[in-house]
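Step one of this worksheet: look at the structure below.
The values are calculated or read from the model by the stated rules, or taken from the named source; none is laboratory data. Keep in mind it's a predicted model, so treat the numbers as computed, not measured. Glycine gets a Cβ as well: all are built from the backbone with ideal geometry, and neighbour counts include every protein chain shown. Side chains included, ligands, DNA and RNA excluded: accessible areas come from the protein's heavy atoms. Shrake-Rupley method; radii C 1.70, N 1.55, O 1.52, S 1.80 Å.
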Amino acid sequence: MPVLTDRQRIELAVPAYLLYALTGAPDVFVPADPELVARAEADVAELRGNLRTACL
């Protein structure tokens, strides 16, 4: 397995960090159907947890 440079590591981390920041902002991810609000919130919370792990 090749060794990554610091620049390559940052390039891989930036998309996960940006999406992590977006999932914390209010009203960025809004479901099209109002009946799906609870499920959407749970999905975004799970996504946020996975992105937090990816950022670490």
Pick out, in residue order, every one of the chymotrypsin sites (Phe, Trp or Tyr not before Pro) in segment 4-56 that is DSSP loop and has at most 14 other C-beta atoms within 10 Å; say none if there are none.
Phe29
Residue by residue through segment 18-30, which ³J(HN,Hα) values in whole Hz follow from phi under the Karplus form 6.51 cos²θ - 1.76 cosθ + 1.60 (θ = phi - 60°), with glycine and proline marked x?
5, 5, 4, 5, 5, 5, x, 7, x, 6, 7, 10, 10
Quick one: angle between helix 37-55 and the longest Cα principal axis of the chain, in degrees between 0 and 90, rounded to 10, please.
10
Linear extension gain, Ala45 paired with Ala21, 0.36 nm per residue minus alpha-carbon span
7.4 nm
The chain: Cα Rg divided by the 2.2 N^0.38 Å rule of thumb:
1.44
Heavy-atom accessible area of the chain with neighbours in place, 1.4 angstrom probe: carbon+sulfur share in percent works out to 61
